[in-house]
Amino acid sequence: MTADRAADRFSRATGDGRREANAATVLRAVLDHGPVARGSIARLSGLSPAAVSRQCVDLLRLGLVRELPERVESGGVGRPQIPVDLHTGEDGGPVAGGVHIGVPWSSFGLLDLRGRLLARRTFPHDGIAPGDLSREVVAGLRAFLAEATGDRHLLGVGAALGGWVDPALGTAVRHDTLGWHHRPLAAELSRGLGGIDVGIDNHARAIAQSEILFGRPAARRSLVHLFIGNVVDAALGIAGVVHQGPGSGAGDVAHLPVPDSTVTCPCGRTGCLEATASNLAVARIAVRRGIVPEADVFLLVDAAAAGDRRADRLLRERARAVSSR
């Protein structure tokens, strides 16, 4: 959960949309420029000094920001101002949990309000049936968070996964590789974690949102992200907003047709992008061609790096299939 989302949660509780927008604006200014005095926040954000002061009082009460009296600022006129900054996790500030549910494994993380990774753990999926995966992931995530969070306040958990994900409904609409369809994943994770707030999204959109929040300012104007791994996804950000599309289907490019591809897709058609160009698909082709002994794309990459022309050719074929789309 990010600083913007924490402000959104606070504002929904107040029922005031203007306060929501102002809280997010103040948090954005502090994220970009903190530690920063309240007067500077007003100049940077365009909000009135009174509005900034009200928001800072609320955000201080919620523990999302903190004052730094040891860094008093003085502009030469008026009283010195005490800067405020995001209350980050290394000294007891609020933190957010994260989980990426992949195919061979999941990754757990604990982050502060600046998106800095405080702790991380990998959770292999070996021997876990698709129907049991969410339950096993929850158990592993619960143990990780109990150990990593300590006495810090856990704001919530964000979950990212491939395929078609509807964050508004909290549903994994379609993840063919895991065999999940219309799975209420957010509710499952929340129940397993004791009712804590859980949000989910497609991992390409989650990466794009993270870039907008914590990356280069240019990313807030526009960005396109294409993910090619065990699944194939894309995301589009415009003016600081990640495009969701009808039914949150934006970025679902797995079944775009690839010219000249005859690979059979689990959807029943042939030549779909994911079935042709994903890590799993390419690794299986490499096994059939005798390039590597097992379906592991990293073995294929190692073979290409070692000078195997067949491996190099296959990876170039994958690149052409992707670029053709």
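I'm checking my understanding of the structure. Among residues of segment 139-170 that are open to solvent by less than 20 Å² (accessible area, probe 1.4 Å) and in contact with a Lys or Arg (Cβ under 7 Å, 6 or more places away or on another chain), which one is modelled with the highest pLDDT?
Within segment 139-170, the match that is modelled with the highest pLDDT is Phe144.
Residues checked against (1) buried (at least 19 other Cβ atoms within 10 Å of the Cβ); (2) not in a helix (DSSP H, G or I):
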residue	(1), (2)
Ala29	yes, no
Leu47	yes, yes
Asp85	yes, yes
Gly98	yes, yes
Gly127	no, yes
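Open to solvent by less than 60 Å² (accessible area, probe 1.4 Å), touching a strand residue (DSSP E or B) at 6+ places or on another chain (Cβ under 7 Å) and either assigned to a strand (DSSP E or B) or polar (S, T, N, Q) (or both), is that true of Arg120? Explain how you work it out, then say what you get.
Details: open to solvent by less than 60 Å² (accessible area, probe 1.4 Å): no; touching a strand residue (DSSP E or B) at 6+ places or on another chain (Cβ under 7 Å): yes; either assigned to a strand (DSSP E or B) or polar (S, T, N, Q) (or both): yes.
Criteria not met by Arg120.
Could you grab me the full set of residues in segment 104-114 that are under 17 Å from Val198 (Cα atoms) and surrounded by fewer than 16 Cβ atoms within 10 Å (Cβ to Cβ)? First the steps, then the outcome.
Residues of segment 104-114 that are under 17 Å from Val198 (Cα atoms), as a first pass: 106-113.
Ser107, the sole residue that qualifies.
Return the residue satisfying two criteria in turn: it lies in segment 240-290 and is among the polar types (S, T, N, Q) and more than 26 Å from the chain's Cα centre (by Cα), and of such residues it is surrounded by the most Cβ atoms within 10 Å (Cβ to Cβ). Step through it out loud before you land on a result.
As a first pass, look at segment 240-290 and keep what is among the polar types (S, T, N, Q): 244, 248, 261-262, 264, 270, 276, 278-279.
Restricting the remaining residues to those that are more than 26 Å from the chain's Cα centre (by Cα) gives 261-262, 264, 270.
On the way: Ser261: 19, Thr262: 8, Thr264: 12, Thr270: 14.
Result: Ser261.
Would segment 250-262 turn up any residue that is touching an Asp or Glu at 6+ places or on another chain (Cβ under 8 Å), farther than 27 Å from Pro104 by Cβ and touching a residue at least 40 places away in the same chain (Cβ under 8 Å)? It would help to see each step written out before you state the result.
So the first thing to find is which residues in segment 250-262 are touching an Asp or Glu at 6+ places or on another chain (Cβ under 8 Å), and the list is 251-255.
Now drop any that are not farther than 27 Å from Pro104 by Cβ, which leaves none.
For segment 250-262, residues touching an Asp or Glu at 6+ places or on another chain (Cβ under 8 Å), farther than 27 Å from Pro104 by Cβ and touching a residue at least 40 places away in the same chain (Cβ under 8 Å): absent.
Could you tell me whether any residue of segment 214-229 is touching a helix residue (DSSP H, G or I) at 6+ places or on another chain (Cβ under 8 Å) and either in a loop (DSSP other than H, G, I, E, B) or polar (S, T, N, Q) (or both)?
yes
What number of residues within segment 190-215 satisfy the criterion of being touching a Phe, Trp or Tyr at 6+ places or on another chain (Cβ under 8 Å) and open to solvent by less than 30 Å² (accessible area, probe 1.4 Å)? Let's see the steps before the verdict.
Kept after step one, since they are touching a Phe, Trp or Tyr at 6+ places or on another chain (Cβ under 8 Å), are these residues of segment 190-215: 202-204, 207.
Those still in the list that are open to solvent by less than 30 Å² (accessible area, probe 1.4 Å) too: 202-204.
Number of matching residues: 3.
The values are calculated or read from the model by the stated rules, or taken from the named source; none is laboratory data. In this text, all values refer to a predicted model and were calculated from it rather than measured experimentally. Ideal geometry is used to build each Cβ from the backbone, glycine not excepted, and the neighbour counts take in all protein chains shown. What goes into the accessible areas is simple: the full protein's heavy atoms, side chains included, and nothing from ligands, DNA or RNA. Shrake-Rupley method; radii C 1.70, N 1.55, O 1.52, S 1.80 Å.
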